[in-house]
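Asker: Next up is a structure, given as structure tokens.
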Ligand SMILES: [Zn+2]
């Protein structure tokens with residue numbers, strides 16, 4: 001299959017991925033999103049929880065469409081600083097412990113302090129330890145500093161994020177927090193595409209950049225309660241296990257095979273009308289798409305569907321992602337482009353569909 005090289009703003013995507021934003025500590029990424037929204041929306045607001053909501057007025061205000069992309073990334077929080085200058089921590093969001101070995105992290109204290117995830121060297125492990133899976137509690141963070149100097153910069157409660165600058169390879173990008181900065185990029189670019197092409201959303205379009213998704217869709221709950229949309233479009237990454245050793249039923253999605261139209265995940269069964277609408281829209285616009293059933297893991301789509309009296313008509317567009325919830329994650333640039341195009345087409349054509357049950 002020939003992959004189309006899409007025009008992706010890799011510099012912007014890098015800045016979005018590299019901005020820290022553990023759940024509950026999204027200020028850096030939020031400031032970047034607000035700056036990037038300049039000129040792209042009619043109104044930008046930050047709610048009490050820290051969600052950013054950009055309103056782009058539609059051709060009609062009879063109904064509301066809301067899209068949600070979470071800004072937070074899985075991270076850690078400092079629980080203890082040892083006298084020798086090591087940091088113990090709790091996870092904030094679901095990590096795969098085996099991928100943390102000797103990875104670089106940044107502790108966001110009074111200043112950013114770099115550190116390394118340390119664990120027991122294999123040479124001094126007992127034979128039975130060597131075959132055991134690593135637990136999060138087996139790790140400590142080595143800061144290379146003494147306890148006294150570290151305590152001047154870092155305290156209990158400071159957040160920690162992964163340190164992996166974005167790298168391009170093949171037609172792909174690889175970085176620490178593509179879950180879900182890939183979708184933050186997609187939502188921003190959708191607004192930019194609408195502005196450039198002078199297309200208006202069918203209905204008032206509320207673009208929400210949400211907080212605290214990785215700890216249970218918390219920001220999206222509050223944002224949806226505030227907006228009360230008629231239509232909801234979740235935007236998140238999904239598993240692409242299209243790698244050696246996988247069987248076809250395990251793949252979920254494949255890189256380079258287009259925007260994923262979600263059928264269900266463990267938090268939501270997408271509305272069959274929204275699925276039909278998204279498929280028809282992709283077909284009409286010639287956008288490459290693939291179906292997605294994610295057996296474990298939830299998304300903001302669940303909040304969009306349920307935090308509205310009577311519910312909203314909801315579905316989701318997902319970005320296929322390899323190595324998800326590990327220290328590095330990988331997306332294909334052509335899939336990112338397909339997601340931007342599909343979201344823009346859906347938002348503009350949502351009044352053309354028959355939504356009757
Ligand atoms: Zn996510």
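Asker: Could you tell me which of the residues 77, 8, 81, 53 is at pLDDT below 95 and surrounded by 14 or more Cβ atoms within 10 Å (Cβ to Cβ)?
Answerer: Values: 77 fails: at pLDDT below 95; 81 fails: at pLDDT below 95; 53 fails: at pLDDT below 95.
Among 77, 8, 81, 53, only 8 is at pLDDT below 95 and surrounded by 14 or more Cβ atoms within 10 Å (Cβ to Cβ).
Asker: Are there strands (runs of 3 or more DSSP E) fully within the stretch 122-172 with at least 2 residues that are loosely packed, with under 15 Cβ neighbours inside 10 Å? List them.
Answerer: On the way: elements: 140-142, 159-162, 167-169.
The qualifying strands (runs of 3 or more DSSP E) are 167-169.
Asker: Pick from 56, 63, 111: which is over 24 Å from the mean Cα position of the chain (by Cα) and closer than 30 Å to residue 278 by Cβ? Can you show your working first?
Answerer: On the way: 56 fails: over 24 Å from the mean Cα position of the chain (by Cα); 111 fails: closer than 30 Å to residue 278 by Cβ.
Exactly one of 56, 63, 111 is over 24 Å from the mean Cα position of the chain (by Cα) and closer than 30 Å to residue 278 by Cβ, namely 63.
Asker: Could you go through the stretch 273-285 and let me know if any residue there is assigned to a loop (DSSP other than H, G, I, E, B) and touching a strand residue (DSSP E or B) at 6+ places or on another chain (Cβ under 7 Å). It would help to see each step written out before you state the result.
Answerer: The initial filter retains those residues of the stretch 273-285 that are assigned to a loop (DSSP other than H, G, I, E, B), namely none.
No, the stretch 273-285 has no match at all.
Asker: Looking at residue 62, is it assigned by TED's automatic domain parsing to the domain that holds residue 331, within 16 Å of the ligand (Cβ to nearest atom) and not in a loop (DSSP other than H, G, I, E, B)? Full working, then the answer.
Answerer: Values: assigned by TED's automatic domain parsing to the domain that holds residue 331: yes; within 16 Å of the ligand (Cβ to nearest atom): no; not in a loop (DSSP other than H, G, I, E, B): yes.
In short, no.
Asker: Considering only residues of the stretch 291-309 that are at pLDDT below 95 and away from the ligand (no atom under 12 Å from the Cβ), which is surrounded by the most Cβ atoms within 10 Å (Cβ to Cβ)?
Answerer: Per the criteria, the residue is 295.
Residues are listed down the side, and each one gets a yes or a no for (1) more than 22 Å from residue 21 (Cα to Cα); (2) away from the ligand (no atom under 12 Å from the Cβ); (3) under 12 Å from the mean Cα position of the chain (by Cα):
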site	(1), (2), (3)
184	no, no, yes
187	no, yes, yes
193	yes, yes, no
200	yes, yes, no
209	no, yes, yes
214	no, no, yes
217	no, no, yes
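Asker: Can we say residue 234 is at pLDDT 95 or above, within 14 Å of the ligand (Cβ to nearest atom) and in a helix (DSSP H, G or I)? Full working, then the answer.
Answerer: Details: at pLDDT 95 or above: yes; within 14 Å of the ligand (Cβ to nearest atom): yes; in a helix (DSSP H, G or I): no.
The answer is no for residue 234.
Asker: Quick one: would you say residue 179 is touching a residue at least 40 places away in the same chain (Cβ under 8 Å), surrounded by fewer than 18 Cβ atoms within 10 Å (Cβ to Cβ), within 27 Å of the chain's Cα centre (by Cα) and within 16 Å of the ligand (Cβ to nearest atom)?
Answerer: Values: touching a residue at least 40 places away in the same chain (Cβ under 8 Å): yes; surrounded by fewer than 18 Cβ atoms within 10 Å (Cβ to Cβ): no; within 27 Å of the chain's Cα centre (by Cα): yes; within 16 Å of the ligand (Cβ to nearest atom): yes.
For residue 179, the condition - touching a residue at least 40 places away in the same chain (Cβ under 8 Å), surrounded by fewer than 18 Cβ atoms within 10 Å (Cβ to Cβ), within 27 Å of the chain's Cα centre (by Cα) and within 16 Å of the ligand (Cβ to nearest atom) - is not met.
Asker: Name every residue in the stretch 257-283 that is surrounded by 24 or more Cβ atoms within 10 Å (Cβ to Cβ) and farther than 23 Å from residue 241 by Cβ, in order of residue number.
Answerer: Listed by number, the residues that qualify are 274, 281.
Asker: Further, regarding this structure: Please work out which one of (1) out of contact with any strand residue (DSSP E or B) (no Cβ under 6 Å at 6 or more places or on another chain); (2) touching a residue at least 24 places away in the same chain (Cβ under 8 Å); (3) under 24 Å from residue 216 (Cβ atoms) is the condition residue 269 fails and give its number.
Answerer: Evaluating residue 269 over (1) out of contact with any strand residue (DSSP E or B) (no Cβ under 6 Å at 6 or more places or on another chain); (2) touching a residue at least 24 places away in the same chain (Cβ under 8 Å); (3) under 24 Å from residue 216 (Cβ atoms) leaves (2) as the failure.
Asker: Further question: Collect the residues in the stretch 189-221 that are part of a loop (DSSP other than H, G, I, E, B) and closer than 15 Å to residue 48 by Cβ, keeping them in residue-number order. Let's see the steps before the verdict.
Answerer: Residues of the stretch 189-221 part of a loop (DSSP other than H, G, I, E, B): 197-202, 211-217.
Within the stretch 189-221, 211, 212 qualify.
The values are calculated or read from the model by the stated rules, or taken from the named source; none is laboratory data. Everything quoted here is computed from the prediction, not taken from an experiment. Every residue, glycine among them, receives a Cβ derived from its backbone with ideal geometry; neighbour counts consider all protein chains shown.
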